[in-house]
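Participant: Have a look at this one before I ask anything.
The values are calculated or read from the model by the stated rules, or taken from the named source; none is laboratory data. Values in this document were obtained by computation on a predicted structure and should not be read as measured data. Every residue, glycine as well, gets a Cβ built from its backbone with ideal geometry; the counts of neighbours run over all protein chains shown. Calculation scope for accessible area: heavy atoms of the full protein, side chains included, ligands and nucleic acids excluded. Shrake-Rupley method; radii C 1.70, N 1.55, O 1.52, S 1.80 Å.
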Amino acid sequence: QVQLVESGGGLVQAGGSLRLSCAASKSIFSINVMGWYRQAPGKQREWVTSSTNDGRTNNLYSDSVKGRFTISRDNAKNTVYLQMDSLKPEDTALYYCYAVDLGASYWGQGTQVTVSS
């Protein structure tokens, strides 16, 4: 079992930055995949980014955020971060952290990001 708690969401103007945090209840060093999804009102949940750790870290990004968002892991703090720069109004959504550990998927409760134009 892995509990995930997100934080760091808020209201920001277009062009601004936010950093989301996802604190895990166990060591993330052994968690193979961690990442972020988002869901805008009236839309399906959308994959944003993932960080795969199988001896070597491999980070992937959706085309919509590539070059603007950066995922990172802090193993000492059992926390995954999502640095979001050059934010756009279309980035407005509820952002969910997820983890895949030993074949099971876990989700946080979400943190709201609102980008004003």
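Participant: Expressed as a whole percentage, what fraction of the accessible surface of the chain belongs to carbon and sulfur atoms when a 1.4 Å probe is rolled over the protein heavy atoms?
Facilitator: It is 49 percent, rounded to a whole number.
Participant: Taking the chain as a Gaussian network, where each spring joins two C-alpha atoms under 10 Å apart, which residue of ALA24, ALA104, ALA14 fluctuates the most?
Facilitator: Among ALA24, ALA104, ALA14, the largest mean-square fluctuation in the Gaussian network model of the chain belongs to ALA104.
Participant: Using a Förster distance of 30 angstrom, determine the FRET efficiency expected from the C-beta separation of ASP54 and SER116, and round it to 0.05.
Facilitator: 0.15
Participant: In addition: At 1.4 Å probe size, what's the solvent-accessible area of VAL65? Round to the nearest 10 Å².
Facilitator: Solvent-accessible area, nearest 10 Å²: 0 Å².
Participant: Relative contact order for region 44-117: what is it in percent, counting Cα pairs under 8 Å that are at least 6 residues apart?
Facilitator: Values: 90 pairs, mean separation 14.6, N = 74.
20 percent.
Participant: Excluding ligands, DNA and RNA, what is the solvent-accessible area per residue of the chain at a probe of 1.4 Å, expressed in Å²?
Facilitator: 52
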